[in-house]
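Structure first, then comments.
Derivation of every value follows stated rules applied to the coordinates shown; laboratory data play no part. What you see is a predicted model; the values in this text were computed from it and never measured. Glycine also receives a Cβ, built like all others from the backbone with ideal geometry; neighbour counts cover every protein chain displayed.
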Amino acid sequence: MRILIFIALFLVACSKEEPVDPPRAYRKTQTISYNNINVDVVIDKPALHDLDVLIVFHGTVQFDSNILSAANTVLDNFKGILDRKDMMLVSVAYPGENLLFGDNIVYAEAALLWVQNKASRELGITVKKVFLAGHSQGGYLVTRLNTMHSTNGVIANAPGPLNLVYRCQLEENGQITSGAVCTRLRNAYGATTADSNAYFQRSLLNFTSDFKSDILFVQGLNDAPIQMYSWPVFKQNVMNCANCQNRQLVEIPGGEHAALFTSAVAKSEFNVFINSR
């Protein structure tokens, strides 16, 4: 009898689950990998286990030594306008210094696929909905990603460059100062007059169809002349798309390049967009 009681007590003790530590909040930088592509990300996680995720992308940075700083800054900017406090933000420190413009899409894609397919296991959480958001070149990247993969929604603020043919022609003609983006393209393809199609293929005007998910574009109407020169054409092409999910364009009169972060109207539309999906 004593042996039976001992066995019973032992089984009861073994059946008790170990206490589970409550989820903790943290902010950390981590190198993630997907399909043999490595990229650094900054992860800002609230003290929750089941999480929607907002993946954010910074604008153009001249030197890769500054991309982690840019990733932290854009994370703070998006976190600052996000009404929800229960979302995890993942900011992607994608490179660009030694790449032809647009080739960094593979790093953006790796980050997205890591969040969708590996983050739950590697971080010990449950990823639910996934959203993309980007500013400037980051807006370019999330728009392109939306032609490649489905998410729960995409937000692009002042995405560009819209038209690299026009931009690089201005540099070639001496109308604006030469920059690294066009210089690298010129070294690879020659002048725009030699191969304008190579420049256009990397322009955002070439990615205005086949959006897999709903997308919100925000554009300040007092942005730089280079951006505003091609914005009406880009806007029309997006609205004319026959094979896209829902598109919404919010124009901010008087708004400049960072209109999403400075306009109350833009901030409201940003939150309505996320909360309605």
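Exposure proxy check: Phe234, Phe261 ranked by fewest other beta carbons within 10 Å?
In increasing order of surrounding Cβ atoms, one gets Phe261, Phe234.
Just tell me which lysines come within less than 16 Å, Cα to Cα, of Lys28; anything on the same chain fewer than 8 places away is out.
Those lysines meeting the cut-off are Lys45, Lys79.
Diagonalise the Cα gyration tensor of the chain and give the resulting equivalent ellipsoid semi-axes, square root of 5 times each eigenvalue, largest first, whole Å.
On the way: eigenvalues 374, 83, 53 Å².
Three semi-axes, in Å: 43, 20, 16.
For the peptides 235-248, 149-162, 211-224, what is the packing order when you average, over each peptide's residues, the other Cβ atoms within 10 Å and list the highest mean first?
Those peptides, ordered most packed to least, come out 149-162, 211-224, 235-248.
Among residues other than Ala194 whose Cβ falls under 14 Å from its Cβ, what is the net charge (Lys/Arg +1, Asp/Glu -1)?
Here the charged neighbours net out to -1.
Taking every Cα atom in segment 175-277, find the radius of gyration and the maximum pairwise distance Dmax, and write them in Å.
Rg, Dmax (Cα atoms, Å): 16.2, 47.
Once you have the Cα-Cα distance between Arg121 and Asn66, take 0.36 nm times their residue separation minus that, and quote the gain in nm to one decimal.
Gain on stretching Arg121 to Asn66: 16.8 nm.
Could you compute the FRET efficiency for Phe200 and Arg24, with r as their C-beta to C-beta distance and R0 at 41 Å, rounded to 0.05?
Approximately 0.30, to the nearest 0.05.
As an exercise, find the ratio Rg/Rh for segment 222-277 from alpha-carbon atoms, using the Kirkwood inverse-distance average for Rh.
With Rh from the inverse mean 1/r over Cα pairs, Rg/Rh is 1.00.
Could you state the number of Å between the C-alpha centres of segment 166-193 and segment 75-90?
36 Å
What does the charge add up to near Gly102, with Lys and Arg as +1, Asp and Glu as -1, over the other residues with Cβ less than 10 Å from its Cβ?
Working: positive: Arg144, Arg202; negative: Asp103.
Taking every other residue near Gly102 into account, the sum is +1.
Averaged across orientations, what area in nm² does the convex hull of the alpha carbons in segment 63-152 project?
Directional mean of the projected Cα hull area for segment 63-152 stands at 6.2 nm².
Pick from Lys267, Lys45, Lys128: which is most flexible by mean-square fluctuation in a GNM of the chain where alpha carbon atoms under 10 Å apart are linked?
Lys128
For helix 2-15, what angle does its Cα long axis make with the longest principal axis of the chain, in degrees from 0 to 90 and rounded to 10?
Rounded to the nearest ten degrees, it is 10.
Tell me, what is the percent relative contact order of the chain, built from C-alpha pairs under 8 Å that lie six or more residues apart?
16 percent
Measuring from label point to label point, each 7 Å out along Cα→Cβ, what is the Ile37 to Asn222 span in nm?
In this crude label model, Ile37 to Asn222 measures out at 3.7 nm.
Would you mind checking the tilt of helix 225-240 against the longest principal axis of the Cα atoms of the chain, expressed as 0 to 90 degrees and rounded to 10?
70 degrees
For the residue pair Ala264 and Gln236, what label-to-label distance in nm results when each label sits 7 Å from Cα along the Cα-to-beta-carbon direction?
About 3.5 nm, to one decimal.
In the P(r) worked out for segment 24-94, what percent of Cα pairs fall beyond 17 Å? Mind dumping the intermediate values first?
Working: 1046 of 2485 pairs.
It works out to 42 percent of all Cα pairs.
Taking segment 102-248 as the region of interest, what is the percent of Cα-Cα pairs per 5 angstrom bin, listed from the shortest bin to the one with the maximum distance?
2, 9, 18, 20, 18, 14, 9, 5, 3, 1, 0
Given the -39500 (n - 2.57) contribution per DSSP H run of 4+ residues, what per-residue ellipticity at 222 nm results for the chain, rounded to the nearest 500 deg cm²/dmol?
About -12000 deg cm²/dmol.
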